[in-house]
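Following: one structure in structure tokens, then a few remarks.
The values are calculated or read from the model by the stated rules, or taken from the named source; none is laboratory data. Keep in mind that this is a model prediction, so the values were computed, not measured. Every residue, glycine among them, receives a Cβ derived from its backbone with ideal geometry; neighbour counts consider all protein chains shown. Areas reflect the complete protein model, heavy atoms only, side chains present, ligands, DNA and RNA absent. Shrake-Rupley method; radii C 1.70, N 1.55, O 1.52, S 1.80 Å.
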Amino acid sequence: CIKANAKSCGECIQAGPNCGWCKKTDFLQEGEPTSARCDDLAALKSKGCPMEDIENPRGSKQILEDREVTNRKIGAAEKLKPEAITQIQPQKLVLKLRVGEPQTFSLKFKRAEDYPIDLYYLMDLSYSMKDDLENVKSLGTALMLEMSEITSDFRIGFGSFVEKTVMPYISTTPAKLQNPCTGDQNCTSPFSYKNVLSLTSEGNKFNELVGKQHISGNLDSPEGGFDAIMQVAVCGEQIGWRNVTRLLVFSTDAGFHFAGDGKLGGIVLPNDGKCHLENDMYTMSHYYDYPSIAHLVQKLSENNIQTIFAVTEEFQAVYKELKNLIPKSAVGTLSSNSSNVIQLIIDAYNSLSSEVILENSKLPKGVTISYKSFCKNGVNDTQEDGRKCSNISIGDEVKFEINVTANECPKKGQNESIKIKPLGFTEEVEINLQFICECQCQSEGEPNSPACHEGNGTFECGACRCNEGRIGRLCECSTDEVNSEDMDAYCRRENSTEICSNNGECICGQCVCKKRENTNEVYSGKYCECDNFNCDRSNGLICGGNGVCKCRVCECFPNFTGSACDCSLDTFPCMASNGQICNGRGTCECGTCNCTDPKFQGPTCEMCQTCLGVCAEHKDCVQCRAFDKGEKKETCSQECMHFNMTQVESRDKLPQPGQPDPLSHCKEKDVDDCWFYFTYSVNSNGEANVHVVETPECPSGPDIIPIVAGVVAGIVLIGLALLLIWKLLMIIHDRREFAKFEKEKMNAKWDTVS
């Protein structure tokens with residue numbers, strides 16, 4: 001948004017969908033250009049522009065016509081006129097477009113059952129189609145019967161074509177002009193195109209008039225079918241087309257001439273795409289060239305005509321290539337005598353009706369459109385395939401999501417209109433495009449406003465839009481004065497040779513500060529001497545992330561100070577465990593304790609290597625005041641009156657943790673080896689309070705008799721145990737000696753025997 005360098009609100013909102021314009025009068029800092037009013041919304045709010053002063057118009061959509069699609073069954077008693085049947089929804093809407101912001105709407109299509117059909121049979125009557133004509137003569141009633149299963153409102157027409165009536169396409173000798181066929185064949189005179197029967201619901205009339213037709217002839221193989229197709233497409237009144245499904249069956253056994261081939265007959269004037277039927281005959285074939293394929297595609301599409309090419313096997317490949325160039329067309333293989341033409345038409349119609357393809361009219365400059373299809377069985381597509389749905393049956397409903405985006409505003413800002421329709425159908429969606437190119441506040445502008453230097457501009461949207469020939473933030477200069485050296489003097493600081501501190505341009509005697517590549521970095525000030533990015537940093541952040549850089553000086557947020565806002569005024573990190581700041585032994589500076597008592601150290605001045613604890617420190621004073629004994633008994637009144645003392649009955653009555661004042665629980669021994677309990681706390685006024693249990697816990701003396709009895713009993717038991725052990729050892733020793741004696745005795749007996 002900043003890079004757009006917008007001079008007005010209208011230019012700003014065209015820069016992008018996220019750009020807004022601040023119309024607050026005093027929004028700009030000194031030296032900032034008018035274009036600084038244009039920025040993304042978050043940046044404007046961070047710079048102090050209230051939401052109610054930000055111009056940010058949004059696009060919208062409004063549906064004007066939204067008739068529901070028609071639900072109708074074949075054979076129903078209700079007979080609707082074609083114009084009363086709705087297959088596409090909505091029908092008309094208005095889109096208000098802002099540059100870069102897409103507007104989306106849903107389009108619903110449902111192929112109505114029992115929808116009327118107009119079918120025009122266009123036949124090649126060159127001599128090679130002689131046997132085909134015989135089978136087509138009964139086509140009317142037979143086709144009417146078959147189509148009655150699809151629709152109850154069917155009409156059929158017939159036309160024929162041969163070739164341009166000039167050399168070298170036909171022979172121009174008088175005899176050949178009368179009868180172009182050889183031998184005794186009775187052929188009619190050659191012609192380009194003839195409308196034999198306009199569309200009618202009378203099948204018998206079709207049979208009757210077609211039965212009277214005769215074959216004609218020509219010299220070359222390609223035929224002049226394109227001339228005939230063009231006339232069928234553009235001569236709607238003569239053919240009798242209704243706003244219903246329009247089918248054109250093109251039947252031939254040969255190829256086709258197209259644009260440029262007319263030069264062979266000296267015809268160079270391009271086809272004009274207009275109707276030239278007189279007495280149902282095309283009269284300008286000798287004057288206009290054949291139409292091009294692209295021209296045919298345009299006219300067939302404009303008139304919603306779907307083409308079925310019924311051609312012989314020999315020319316299938318050619319017409320399949322042609323089908324790829326003509327949307328909503330089909331190719332069927334015609335038997336050599338056209339006996340299968342009815343089934344061919346039925347199959348081709350089913351193929352065409354199973355696919356819906358959306359197309360849009362020419363888009364205005366700078367407008368783009370995209371499609372997303374939601375077809376049967378959960379099939380979704382985007383981009384080019386998002387325009388169509390296939391394999392749909394009559395009565396199926398499909399949806400499309402359509403995005404319309406304006407990438408620029410029209411030069412004149414006028415409204416535009418586009419149309420979207422399914423190929424081959426007359427119904428369409430009309431979309432009126434209204435472009436948001438100006439802000440609401442611009443219509444409220446004050447022309448020749450006194451706020452713009454004596455009426456030299458229009459004051460709108462918080463800024464001056466200068467009249468022609470005037471420049472400056474307040475239109476205070478004419479363009480002739482811009483480069484004057486006298487003006488430059490107003491852009492220099494005192495005792496300085498730099499114009500606008502080398503950070504801007506001098507325009508109309510005022511500095512307009514240049515912009516940085518980083519749009520968050522801004523020069524400002526009367527001489528562009530200020531900026532918001534050259535302040536002291538801490539931890540790699542401007543103002544430590546704890547302040548705002550204004551004119552190269554940090555303005556710190558609450559609870560922060562210092563040149564880089566790196567000094568915290570929060571005392572919580574300095575709070576000691578006893579609730580005192582720095583344990584009462586130092587000062588809290590930038591969130592860190594500076595210990596004033598040299599004996600204490602640590603983050604909260606609580607560490608003292610040579611100090612007694614709170615309990616040990618006050619033990620002697622509590623003992624002398626509470627129990628009148630201890631080392632300080634004689635000097636108690638002089639050394640131990642620095643705290644308030646309260647005696648309680650038991651330990652349960654001592655103050656417990658959770659009270660506002662920091663508290664220490666103590667358990668110490670007195671001179672009599674008795675335990676006494678007390679608490680020590682300091683309130684917010686610095687007063688020390690001691691609560692002490694009034695009765696010490698002294699251990700009772702030893703009971704001598706049980707001790708003596710226990711000692712004697714122990715000695716006796718130990719003696720008995722020693723005697724038992726000695727006796728046991730002697731028994732073991734005697735048994736071993738006896739066993740040894742017995743063994744020696746036995747040995748002596750053996751010796752006597754020997």
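Within the stretch 90-126, can you find the residues that are in a strand (DSSP E or B), over 26 Å from the mean Cα position of the chain (by Cα) and not aliphatic (A, V, I, L, M)? Once the filter is applied, which keeps residues that are in a strand (DSSP E or B), over 26 Å from the mean Cα position of the chain (by Cα) and not aliphatic (A, V, I, L, M), the stretch 90-126 yields K92, F109, K110, D118, Y120, Y121, D124.
Picking from E460, E430, E446, which residue would you name as being outside the structural domain of Q306 (by the TED database), charged (D, E, K, R) and touching a helix residue (DSSP H, G or I) at 6+ places or on another chain (Cβ under 7 Å)? Break it down stepwise before answering.
Working: E430 fails: touching a helix residue (DSSP H, G or I) at 6+ places or on another chain (Cβ under 7 Å); E446 fails: touching a helix residue (DSSP H, G or I) at 6+ places or on another chain (Cβ under 7 Å).
Within the list E460, E430, E446, the selection yields E460.
N495 meets each of the listed conditions (1) among the polar types (S, T, N, Q); (2) without any contact (Cβ under 8 Å) to a residue 24 or more places away in the chain; (3) on the phi < 0 side of the Ramachandran plot apart from (3).
The one condition from (1) surrounded by fewer than 16 Cβ atoms within 10 Å (Cβ to Cβ); (2) of a type outside the set (F, W, Y); (3) in contact with a Ser or Thr (Cβ under 9 Å, 6 or more places away or on another chain) that L247 does not meet is (1).
Could you tell me whether G20 is touching a residue at least 40 places away in the same chain (Cβ under 8 Å) and within 22 Å of the chain's Cα centre (by Cα)?
Working: touching a residue at least 40 places away in the same chain (Cβ under 8 Å): no; within 22 Å of the chain's Cα centre (by Cα): yes.
So G20 does not fit the description; no.
The condition of being of a type outside the set (D, E), surrounded by fewer than 16 Cβ atoms within 10 Å (Cβ to Cβ) and in contact with a Gly (Cβ under 6 Å, 6 or more places away or on another chain) holds for only one of N415, N407, that being N407. Do the conditions hold for A233, that is, is it assigned by the TED database to the domain that holds L139, crowded, with 19+ Cβ neighbours inside 10 Å, touching a Lys or Arg at 6+ places or on another chain (Cβ under 6 Å) and within 28 Å of T312 (Cβ to Cβ)? Yes. A489 meets the conditions (1) modelled with pLDDT under 80; (2) open to solvent by less than 50 Å² (accessible area, probe 1.4 Å); (3) not β-branched (V, I, T) in every case but one. The failed one is (2). Among the residues of the stretch 367-389, the ones that are surrounded by fewer than 16 Cβ atoms within 10 Å (Cβ to Cβ), outside any helix (DSSP H, G or I) and not β-branched (V, I, T) come to 1 in all. Candidates in the stretch 560-596 are the residues that are hydrophobic (A, V, I, L, M, F, W, C) and within 14 Å of E606 (Cβ to Cβ); of these, the one that is farthest from the chain's Cα centre (by Cα) is C595. Just one of the numbered conditions (1) in contact with a helix residue (DSSP H, G or I) (Cβ under 9 Å, 6 or more places away or on another chain); (2) touching a residue at least 40 places away in the same chain (Cβ under 8 Å); (3) assigned to a helix (DSSP H, G or I) is not true of Q343: (2).
Within the stretch 454-476, restricting attention to residues that are open to solvent by 70 Å² or more (accessible area, probe 1.4 Å) and over 16 Å from G10 (Cα atoms), which residue is modelled with the lowest pLDDT? Spell out the reasoning first.
Applying the first criterion (open to solvent by 70 Å² or more (accessible area, probe 1.4 Å)) to the stretch 454-476 yields 454, 465, 468, 473-474.
Now narrow it down to the ones that are over 16 Å from G10 (Cα atoms): 454, 468, 473-474.
Values: E454: 81, E468: 83, R473: 76, L474: 80.
Here the residue is R473.
Take residues that are outside the structural domain of N578 (by the TED database), among the β-branched types (V, I, T) and at pLDDT below 85 and tell me which of the strands (runs of 3 or more DSSP E) falling wholly in the stretch 606-724 contain 1 or more. Working first, answer last.
Working: elements: 643-648, 663-669, 675-682, 688-693.
So the answer is 675-682.
For the residues T592, T561, the requirement of being farther than 30 Å from C666 by Cα and open to solvent by 30 Å² or more (accessible area, probe 1.4 Å) singles out T561.
Any chance the stretch 250-262 includes a residue that's farther than 27 Å from E359 by Cα, part of a helix (DSSP H, G or I) and in the same structural domain as V162 (by the TED database)? For the stretch 250-262, residues farther than 27 Å from E359 by Cα, part of a helix (DSSP H, G or I) and in the same structural domain as V162 (by the TED database): present. Residue count for the stretch 199-221 under the criterion of being open to solvent by 40 Å² or more (accessible area, probe 1.4 Å) and either modelled with pLDDT of 85 or more or over 22 Å from Q178 (Cβ atoms) (or both): the result is 7. The set of residues in the stretch 418-448 being within 26 Å of the chain's Cα centre (by Cα), part of a loop (DSSP other than H, G, I, E, B) and surrounded by fewer than 20 Cβ atoms within 10 Å (Cβ to Cβ) is empty. Summed over the stretch 231-255, residues that are modelled with pLDDT of 90 or more, of a type outside the set (V, I, T) and more than 15 Å from F158 (Cα to Cα) total 0. The sole residue among L363, L322, L358 that is open to solvent by 40 Å² or more (accessible area, probe 1.4 Å), touching a residue at least 12 places away in the same chain (Cβ under 8 Å), within 41 Å of the chain's Cα centre (by Cα) and on the phi < 0 side of the Ramachandran plot is L363. Per this entry, P190 is counted among residues that are more than 60 Å from the chain's Cα centre (by Cα), crowded, with 18+ Cβ neighbours inside 10 Å, part of a loop (DSSP other than H, G, I, E, B) and not hydroxyl-bearing (S, T, Y). Given the criteria within 23 Å of Q306 (Cβ to Cβ) and open to solvent by 10 Å² or more (accessible area, probe 1.4 Å), does E397 qualify? Against the criterion (within 23 Å of Q306 (Cβ to Cβ) and open to solvent by 10 Å² or more (accessible area, probe 1.4 Å)), E397 qualifies.
If we scan the stretch 146-162, do we find a residue that is open to solvent by 30 Å² or more (accessible area, probe 1.4 Å), in a strand (DSSP E or B) and in contact with a strand residue (DSSP E or B) (Cβ under 8 Å, 6 or more places away or on another chain)?
In the first step, residues of the stretch 146-162 are kept if they are open to solvent by 30 Å² or more (accessible area, probe 1.4 Å); the result is 146, 148-150, 152-153, 155.
Still in the list and also in a strand (DSSP E or B): 155.
Still in the running and in contact with a strand residue (DSSP E or B) (Cβ under 8 Å, 6 or more places away or on another chain): 155.
Yes, because at least one residue in the stretch 146-162 is open to solvent by 30 Å² or more (accessible area, probe 1.4 Å), in a strand (DSSP E or B) and in contact with a strand residue (DSSP E or B) (Cβ under 8 Å, 6 or more places away or on another chain).
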